[in-house]
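Trainee: Below are the structure tokens for one structure; questions will follow.
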Amino acid sequence: MPTDELIEKVSGLLAERGNAVALTGAGISVESDIPSFRGAQGLWERYDLMEYASIEGFRANPEKSWRMLYELLAVCKKAKPNAAHYALAELESRGLLRSVITQNVDSLHQAAGSRRVIEYHGNMEELVCVSCWKNYPTDERYGNDGVPPRCDCGEILKTNVVLFGEPIPWLARQSAEEEAQNCSMLMVIGTSAQVAPACDLPRIARASGAVIVEINPEKTWLTDTVTHMYIPGSASGVLCKLLEKQA
Ligand code: NAD
Ligand code: ZN
């Protein structure tokens, strides 16, 4: 089916049924100049993820992990929401989208005005002590020339981002599964769906009767297995058209 017809169809379903949920990944923030993991851009090519972004790697060598985290923090601090983030916030305010489940840690959905956001992989707003669990706003301890930030107790601080090998925060996991089970449509936007357990959410939603719509310039393993409607294209291009059709 041509892309415009697909968008027309999804737009009709949104208006008819409402109650949609979005599951977003790094691809939605690419147009805000935050590189995704599996795109061909710079940041991640220089870092071995298991070495820098896993909890084992962090424990073994926090200085090394913090080199990557500082770079990611600097990129996220500068980033502004793009048209795709704003389109989702607008769909929510019109009562067509009930929530956003995001794998991103950049807080751009909230910056765009989305209210019901489940941060599946945490965020970069807070730091937590690996020893006494004291929390600090990131801005308060940030930027010691790449030296890991430290707690008042002397131990190294970690961001509230879920590193590979760490469990998903209980409330986020529970809420995301409930949203997936209770939505009429799950829009899967800008994710390669390779990170578990987030990548199970489309299957959970489909098993509960939801229509799965996938928006991504490239196909993923979901496309021919779990997805009902695949719309090729950028998040902003497709979501802005979807929003226009609702006017
Ligand atoms: P990913 O990097 O594995 O995949 C990105 C996907 O986005 C790809 O399928 C790609 O084709 C698609 N894409 C690229 N440009 C797009 C665009 N303009 N519009 C729509 N889609 C586009 O991302 P992932 O599946 O989210 O997994 C990466 C993990 O890394 C996540 O857990 C996330 O927490 C983390 N991460 C977060 C950020 C962020 O917070 N912005 C950035 C990088 C990585
Ligand atoms: Zn401490």
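What follows is calculated from the coordinates using simple rules that are stated; it is not laboratory data. Given the structure is predicted, the values throughout are model-derived calculations rather than measurements. Here Cβ is always computed from backbone atoms with ideal geometry, including for glycine, and neighbour counts include all displayed protein chains.
Trainee: Restrict the search to the stretch 54-144; then list the trypsin sites (Lys or Arg not before Pro) that DSSP places in a loop and that have at most 14 other Cβ atoms within 10 Å of their Cβ.
Mentor: Working: sites: 59, 64, 67, 77, 78, 94, 98, 115, 116, 134, 141; in loops: 94, 115, 116, 134.
Hits after loop and neighbour filter: 94, 115, 116, 134.
Trainee: Another one. Are there any chymotrypsin sites (Phe, Trp or Tyr not before Pro) in the stretch 88-155 that are in a DSSP loop and have at most 12 other Cβ atoms within 10 Å? List them by number.
Mentor: 133
Trainee: To continue, here is another question. Say the dipole of the chain comes from +1 at the beta carbon of Lys and Arg and -1 at that of Asp and Glu; which of 146, 185, 26 then lies farthest toward its positive end?
Mentor: 185
Trainee: Calculate one ³J(HN,Hα) per residue across the stretch 127-139 by plugging θ = phi - 60° into the Karplus curve 6.51 cos²θ - 1.76 cosθ + 1.60, and present them in order as whole Hz with x for glycine and proline.
Mentor: Per-residue couplings from phi come out as 10, 10, 6, 6, 10, 10, 6, 5, 9, 9, x, 4, 4 Hz.
Trainee: Neighbour counts of other C-beta atoms within 10 Å: give me 90, 5 arranged from fewest to most.
Mentor: 5, 90
Trainee: Show that you can apply the helix-only estimate: for the chain, add -39,500 (n - 2.57) for every DSSP H stretch of four or more residues, divide by all residues, and state [θ] at 222 nm to the nearest 500.
Mentor: Using -39500 (n - 2.57) per qualifying helix, the result is -11000 deg cm²/dmol.
Trainee: For residue 230, list long-range residues whose amide hydrogen, built 1.01 Å from N in the peptide plane, is under 5 Å from its own amide hydrogen.
Mentor: Long-range HN contacts for residue 230: 214.
Trainee: For the stretch 193-205, in order, what is each residue's ³J(HN,Hα) by Karplus, 6.51 cos²θ - 1.76 cosθ + 1.60 with θ = phi - 60°, in whole Hz (x at glycine and Pro)?
Mentor: 6, 10, 9, 8, x, 4, 5, 7, 4, x, 5, 4, 5
Trainee: So, one more: Over the chain, what relative contact order in percent results from Cα pairs under 8 Å that are six or more residues apart?
Mentor: Answer for the chain is 24 percent.
Trainee: State the extension gain, in nm to one decimal, for the chain segment bounded by residue 207 and residue 48, taking 0.36 nm per residue of separation less the distance between their alpha-carbons.
Mentor: Computed gain between residue 207 and residue 48 is 53.7 nm.
Trainee: Also, I was wondering about something else. Net charge within 14 Å of residue 125 by Cβ-Cβ distance, Lys/Arg positive one each and Asp/Glu negative one each, not counting residue 125 itself?
Mentor: -2
Trainee: Over the stretch 160-247, with a single point scatterer placed on each C-alpha, what log10 of the ratio I(q)/I(0) does the Debye formula yield at q = 0.11, 0.14, 0.16, 0.24 1/Å?
Mentor: -0.34, -0.54, -0.70, -1.21
Trainee: Shifting gears a bit: Points 7 angstrom from Cα along the Cβ direction at residue 139 and residue 71: gap in nanometres?
Mentor: The two pseudo-label positions are separated by 2.6 nm.
Trainee: For q values of 0.08, 0.11, 0.14, 0.16 Å⁻¹, compute log₁₀ I(q)/I(0) with the Debye formula on a Cα-only model of the chain, without solvent.
Mentor: -0.31, -0.58, -0.90, -1.14
Trainee: Now for a separate question. About the Cα centre of the chain, how large is the charge dipole given +1 on each Lys and Arg Cβ and -1 on each Asp and Glu Cβ? Please answer in debye to the nearest 20.
Mentor: The calculated dipole for the chain is roughly 240 debye.
Trainee: Out of residues 5 or more away from residue 189 or on other chains, whose amide H comes under 5 Å of its own, with H placed 1.01 Å from N in the peptide plane?
Mentor: 23, 24, 25, 215
Trainee: Fewest first, what order do 214, 31 take by the number of other Cβ atoms within 10 Å?
Mentor: Sorted ascending by nearby Cβ count, the order is 31, 214.
Trainee: Once the other residues with Cβ under 12 Å from the Cβ of residue 78 are scored (Lys, Arg +1; Asp, Glu -1), what is the net sum?
Mentor: -1
Trainee: What is the angle, in °, between the Cα long axis of helix 3-17 and the longest principal axis of the Cα atoms in the chain? Nearest 10 is fine, range 0 to 90.
Mentor: So the helix axis and the longest Cα principal axis differ by about 90 degrees.
Trainee: Calculate how steeply helix 62-78 sits against the longest principal axis of the alpha-carbon atoms of the chain, using the helix alpha-carbon long axis, and give the answer as 0 to 90 degrees to the nearest 10.
Mentor: Helix 62-78 sits at roughly 50 degrees to that axis.
Trainee: Roughly what angle does helix 83-93 make with the longest principal axis of the chain, taking Cα atoms, 0 to 90 degrees, to the nearest 10?
Mentor: 70
Trainee: Next question. Could you work out how far apart the two model spin labels at residue 93 and residue 152 are, taking each label as a point 7 Å from the Cα in the direction of the beta carbon, and quote it in nm?
Mentor: 4.0
Trainee: Separate question: For q = 0.19 Å⁻¹, what log10 I(q)/I(0) does the stretch 41-159 give under the Debye formula with an equal point scatterer on each alpha carbon and no solvent?
Mentor: -1.05
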